[in-house]
Amino acid sequence: MDALMILIIIIFLVGSLGYLAQTSGLCMVRGVNEWKAGDPEFILAIILSGSLGWVSILISYALNIPLSMQANAVNAWFAFGGILFGIGASFNQGCGVSTLSKLARRDLKMMFTVIGWFVGWCLLSYWQPQLNTKPLYLSHSLILGVLIFISVILLVWVSLGDKERKSLWFKMLGIGLIAGLIFLYEPKWTPSGLLHQVSNAIFSTDTSWPIVERYLLFLGLLLGMFLAAWRTKKFKLIKFSLNQSCSHILAGTFMGLGASLALGGNDSQLLLALPALSPAGLLSTAGIVFGVWFGLRLKN
């Protein structure tokens with residue numbers, strides 16, 4: 001199979017992921033809101049969405065594809081970054097993935113959130129705190145065993161549930177499965193990873209621009225989200241006021257700063273770090289959930 005055909009397949013997978021993210025309403029802010037209301041199932045489904053990441057590990061073995069599942073030791077900066085990201089997401093009323101989903105539905109306020117992401121990343125390029133990341137080299141066999149164990153339990157439990165439970169969990173697990181397959185092609189494919197590298201390339205001569213394929217994957221993701229919004233009749237223009245634009249820039253700035261400190265936004269944590277059993281990813285995700293909860297309390 002030539003390189004062009006592989007790229008087309010990967011773009012299709014990214015579009016499918018975007019479609020699922022749009023139709024499932026993937027959003028950690030929504031998950032925390034439902035948890036506060038007494039139903040933790042949605043946030044649990046989001047956090048465990050990467051459980052089928054073991055499939056990509058088996059494929060990497062079978063096809064002899066290099067697989068770098070990066071795990072890092074915990075660091076206070078990761079918790080702080082997660083909390084900052086969560087607070088920003090709560091005021092934005094959407095995390096990183098749902099921001100793009102809403103933008104694909106023509107919610108124009110989200111343009112200012114994305115601008116805020118760039119502002120946060122640019123501020124951090126001048127601040128440059130010493131994160132002191134410490135890689136952990138976990139056995140792929142260990143990762144494989146844990147993920148398969150979790151997957152089996154989830155699949156049995158979901159299969160015994162009602163139609164609504166099956167729809168939610170199969171969509172979330174499908175997102176994680178597709179993300180793992182895309183990871184085999186491009187380990188840094190996530191939207192936050194792309195936009196972060198773009199901002200670094202603009203303001204730093206030490207950072208190279210992303211390769212063309214990563215822009216194509218990003219466009220494929222947005223196209224999948226757009227098609228889902230159009231098909232489900234959620235494609236509606238939502239205008240904005242000056243106050244809203246300023247609020248979303250500030251929220252996005254918090255999210256950009258937080259994502260940089262936590263080594264990625266919620267997309268990177270859920271789809272890359274947690275399937276790698278990264279303690280840093282677990283801490284960052286916990287920080288994001290707490291930050292969203294705290295931000296919602298501040299708003300109320």
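What to note about this one:
- Some residue of the range 233-242 being surrounded by 17 or more Cβ atoms within 10 Å (Cβ to Cβ) and out of contact with any Lys or Arg (no Cβ under 9 Å at 6 or more places or on another chain): no
- Beta carbons closer than 9 Å, at least 6 apart along the sequence or on distinct chains, pair a first residue in the range 68-97 that is more than 12 Å from Phe290 (Cβ to Cβ) and hydrophobic (A, V, I, L, M, F, W, C) with a second that is open to solvent by 10 Å² or more (accessible area, probe 1.4 Å) and assigned to a strand (DSSP E or B) for Ala71/Pro135; Ala71/Leu136; Ala73/Pro135; Ala73/Leu136; Phe78/Asn72.
- For the range 15-30, the set of residues classified as crowded, with 24+ Cβ neighbours inside 10 Å and in contact with a Phe, Trp or Tyr (Cβ under 7 Å, 6 or more places away or on another chain) is empty.
- Flag if Leu100 is in contact (Cβ under 8 Å) with a residue 60 or more places away in the chain, of a type in the set (A, V, I, L, M) and crowded, with 22+ Cβ neighbours inside 10 Å: yes
- Of all residues in the range 160-169, those that are among the acidic types (Asp, Glu) and not in a loop (DSSP other than H, G, I, E, B) total 1.
- Of all the criteria given as (1) touching a helix residue (DSSP H, G or I) at 6+ places or on another chain (Cβ under 9 Å); (2) in a helix (DSSP H, G or I); (3) among the aliphatic types (A, V, I, L, M), the one not satisfied by Leu131 is (2).
This table checks each residue for (1) part of a loop (DSSP other than H, G, I, E, B); (2) open to solvent by 20 Å² or more (accessible area, probe 1.4 Å); (3) among the aromatic types (Phe, Trp, Tyr).
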position	(1), (2), (3)
Phe112	no, yes, yes
Leu124	no, yes, no
Leu144	no, yes, no
Val152	no, yes, no
Val158	no, no, no
Pro187	yes, yes, no
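- Remark: Ser68 matches the filter, which requires a residue to be closer than 22 Å to Gly265 by Cα, open to solvent by 10 Å² or more (accessible area, probe 1.4 Å) and either of a type in the set (Gly, Ala, Ser) or in a loop (DSSP other than H, G, I, E, B) (or both).
- Index of the failed condition, Met111 passing every other in (1) modelled with pLDDT of 90 or more; (2) under 16 Å from the mean Cα position of the chain (by Cα): (2)
- Against the criterion of being open to solvent by 10 Å² or more (accessible area, probe 1.4 Å) and under 15 Å from the mean Cα position of the chain (by Cα), Leu274 qualifies.
- Taking the range 56-65 as the range and being more than 22 Å from the chain's Cα centre (by Cα) and either among the β-branched types (Val, Ile, Thr) or in a loop (DSSP other than H, G, I, E, B) (or both) as the test, the residues that pass are Ile59, Asn64, Ile65.
- Filtered residue count, the range 71-110, keeping only those that are assigned to a strand (DSSP E or B) and either β-branched (Val, Ile, Thr) or in contact with a Cys (Cβ under 7 Å, 6 or more places away or on another chain) (or both): 0
- The one condition in (1) of a type outside the set (S, T, N, Q); (2) farther than 21 Å from Gly53 by Cβ; (3) surrounded by fewer than 19 Cβ atoms within 10 Å (Cβ to Cβ) that Met225 fails to fulfil: (3)
The values are calculated or read from the model by the stated rules, or taken from the named source; none is laboratory data. Not measured: the values here are computed from a predicted model. All Cβ positions, even for glycine, are placed from backbone atoms using ideal geometry, and neighbour counts span all protein chains on display. For the accessible areas, the whole protein counts, side chains as well, though only heavy atoms, and no ligand, DNA or RNA atoms are used. Shrake-Rupley method; radii C 1.70, N 1.55, O 1.52, S 1.80 Å.
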